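The values are calculated or read from the model by the stated rules, or taken from the named source; none is laboratory data. Computed from a predicted model, the values in this text were never measured in an experiment. FYI the Cβ positions are ideal-geometry reconstructions off the backbone, even for glycines, and counts take in every protein chain you see.
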């Protein structure tokens, strides 16, 4: 990154002004970090002073759709493009609306964490995953040496594909751990060429969970960072940075942007990470490093409009995750007693073998300050899965009979959504890899929305009653693709 060094008086004028502005911003952030989670989610980095002084008094963050920023003179442009002062310059690199988004995501993921945190917005969760991992796999960090990393095998299907196919294309080996609670299994995969450890919990879709702090300690003993996907729990239920995680990945498309109006991602990192395979800039401030250098050049940029849509959805994250978690527990208890269900995977069920370890980590943030609770309260999220008796055919029958729950490869929506991972989100893994990750074809993944749980239970009950019956087909419907109609048979 650029450093100030010797600059002209004109550039120094802007650097000094920026220094004063950054000091004022730091004071605002310090005051905001004293607030509760809901206040942070509602206000973020957008202060009343900024609204009045710079945005015509708008109480909601404006959408800056401009591609670029105009400068007062050559000195300001040189200072901006040299990263000597905060700058929007070009929306592939930075933008005011994206700045507001990055700020609130960093504050929420960093809630309760004593250190400093930075965030880099990306166009999707997969772009966030690549942005978080690729810098550590750069050949320049250890020329001529092999490189590998270690990950749980219970991960999102797209993550599995990136790790098992895309990373090896560039000479990086992924070593999968089957039992993520077996620290010896983690240890056995690590050698002197291991660049980082990676985990996801609760996992999508099988609800795997492990002792996050112990894996973080293991990573740090080997001088490497621990990268963690917190998409399912969200910072409303889990803040991995508090438990030793160095870098958090979010597919904000999911629970944070619950409306489904936008696709987005984020990389959130503590400042001062431990990483023997890294540059000084990466260790010092990884979030800013990827934003201002590799992502500037690679271009996985976020949309300003999507950023504002995301911010508006995130304002109600805590209360929403509280509600949907309670609904999911009720629905999972119903399914656990259903005669056509073989098994229910939900960490909130006491009979789940991972319930006790999940209970140590998954709490509704600030529940001890909530008038309704007054103490820490466990919440286990809105994602669950269940296995239908009778195998793949039975699962398809139940799935096809859903009437209220949407059939889609999505999660985190305000509406309940279900999918069969073996034929959708995890189909590209192949049968052997799905077996390793415990994703059978009879498994239906359900992400519970904000509907009344009794109505979702009723839909599940009627759909399961269709198992074993005659398969029906709906009539062909006309769909338009680019102005051309095509008959599509809905099954």
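Does region 18-30 contain any residue that is over 15 Å from residue 87 (Cβ atoms), in contact (Cβ under 8 Å) with a residue 24 or more places away in the chain and not assigned by TED's automatic domain parsing to the domain that holds residue 308? Looking through region 18-30, at least one residue is over 15 Å from residue 87 (Cβ atoms), in contact (Cβ under 8 Å) with a residue 24 or more places away in the chain and not assigned by TED's automatic domain parsing to the domain that holds residue 308. Taking region 25-110 as the region of interest, the helices (runs of 4 or more DSSP H) fully inside it that hold 1 or more residues being touching a helix residue (DSSP H, G or I) at 6+ places or on another chain (Cβ under 7 Å) and farther than 24 Å from residue 231 by Cα are 74-81.
Of the residues making up region 169-197, those that are part of a loop (DSSP other than H, G, I, E, B) and under 17 Å from residue 136 (Cβ atoms) number 6. Determine whether region 145-168 contains at least one residue that is outside any helix (DSSP H, G or I) and without any contact (Cβ under 8 Å) to a residue 40 or more places away in the chain. No. Scanning for something more than 26 Å from residue 306 (Cβ to Cβ) and surrounded by fewer than 18 Cβ atoms within 10 Å (Cβ to Cβ), does region 80-99 turn up at least one residue? Yes, the conditions are met somewhere in region 80-99.
Hey, among the residues in region 353-366 that are in a helix (DSSP H, G or I) and in contact (Cβ under 8 Å) with a residue 24 or more places away in the chain, which one's surrounded by the most Cβ atoms within 10 Å (Cβ to Cβ)? Per the criteria, the residue is 358. Yes or no: residue 124 touching a strand residue (DSSP E or B) at 6+ places or on another chain (Cβ under 8 Å) and assigned by TED's automatic domain parsing to the domain that holds residue 166? Yes. Within region 382-419, the set of residues being under 28 Å from the mean Cα position of the chain (by Cα) and assigned to a strand (DSSP E or B) comprises 383, 384, 385, 386, 387, 406, 407, 417, 418, 419.
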